[in-house]
1. Just to be sure I understand, if you calculate semi-axes √(5λ) of the Cα gyration tensor in Å for this structure, which of (i) 36, 27, 16; (ii) 38, 18, 11; (iii) 26, 21, 18 do you get?
2. Helix 99-122 against the longest principal axis of the chain: what's the angle in degrees, Cα atoms only, rounded to the nearest 10?
3. Arrange the residues GLU45, GLU40 by how much accessible surface each exposes, largest first, with a 1.4 angstrom probe.
4. Please get the size of the charge dipole for the chain, origin at its Cα centre, with Cβ charges of +1 on Lys and Arg and -1 on Asp and Glu, quoted in debye to the nearest 20.
5. Compute the angle between helix 45-70 and the longest alpha-carbon principal axis of the chain, please, reported from 0 to 90 degrees and rounded to the nearest 10.
6. Before I look further, what does the chain give for accessible area per residue, probe 1.4 Å, in whole square angstrom?
7. Per the helix-only calculation at 222 nm, which mean residue ellipticity applies to the chain, given -39500 (n - 2.57) for every DSSP H run of n ≥ 4 and division by its residues, nearest 500 deg cm²/dmol?
8. Pick from ILE60, ILE130, ILE24 the residue whose mean-square fluctuation is largest in a GNM of the chain, springs joining Cα atoms under 10 Å.
Amino acid sequence: MTGGSGTAAWLRQQIRDSGGVASIALFFALVVILFSVVTEAFLTEPNLLNILRQIAPLVIVAVAMTFVITTAGIDLSVGSILALVNALSAISLQAGIPWPAVVVLMLLLGAAVGLLQGFFVAYEGIPAFIVTLAGLSAIRGVALLLTKGYSIPIDPASPFTAIGRGWVLGVPLPAIIAVAMLLGGYVLFNETAFGR
């Protein structure tokens with residue numbers, strides 16, 4: 001009797017501790033079941049691979065945001081930074097800059113924007129919410145100014161497009177990059193002070 005009540009108490013504690021995650025997992029399972037029943041195309045291989053490709057950027061951003069949130073921070077500007085980097089990538093490619101240099105330059109630009117905002121948070125004592133909210137508006141404005149609100153085409157033959165559209169052994173390259181980031185983030189999180 002004691003063992004049974006101890007197990008029940010343990011189970012209740014687990015549900016209480018991870019109820020949020022469990023409810024999200026349950027909702028996800030229900031949505032998958034619903035779409036599987038409502039449409040025949042949902043569980044097809046092309047659709048699942050398309051979903052993998054589409055969620056890859058979100059996974060990459062989520063890995064980085066995990067580190068921000070675990071340090072009691074917040075960054076509202078990640079979407080705007082992504083838009084700015086994408087716009088400048090297309091502009092740089094149109095200007096004839098080699099695609100490997102574009103990748104490196106855009107990574108450095110993203111890091112520079114993060115460092116600038118981090119400076120105001122860490123050294124000026126301005127709350128991250130305020131800094132990144134201001135950054136969100138300013139950076140999005142710069143992206144819109146550069147693009148004038150229009151898409152910027154790039155050469156479909158450029159190897160740069162393989163980053164977002166390429167395939168490796170039948171799996172979308174963005175999904176592989178996202179999984180690599182996820183695994184790298186997991187290892188980094190658990191092997192550093194972040195996970196402690």
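The values are calculated or read from the model by the stated rules, or taken from the named source; none is laboratory data. All of these numbers come straight from a predicted model, not from anything done at the bench. Note that each Cβ is placed from the backbone with ideal geometry, even for glycine, and that neighbours are counted across all protein chains shown. Side chains are part of the model used for accessible areas, which takes the heavy atoms of the whole protein and leaves out ligands, DNA and RNA. Shrake-Rupley method; radii C 1.70, N 1.55, O 1.52, S 1.80 Å.
1. (i)
2. That helix lies at roughly 60 degrees to the long axis.
3. On the way: GLU45 125, GLU40 175 Å².
If we order GLU45, GLU40 from most to least accessible, we get GLU40, GLU45.
4. Numbers: 7 positive and 7 negative charges, 31 e Å.
In debye, rounded to 20, the chain gives about 160.
5. That works out to roughly 90 degrees.
6. Working: 13370 Å² over 196 residues.
The answer is 68 Å² per residue.
7. Details: 8 runs with 146 residues, N = 196.
Calculated mean residue ellipticity at 222 nm is -25500 deg cm²/dmol.
8. It is ILE24.
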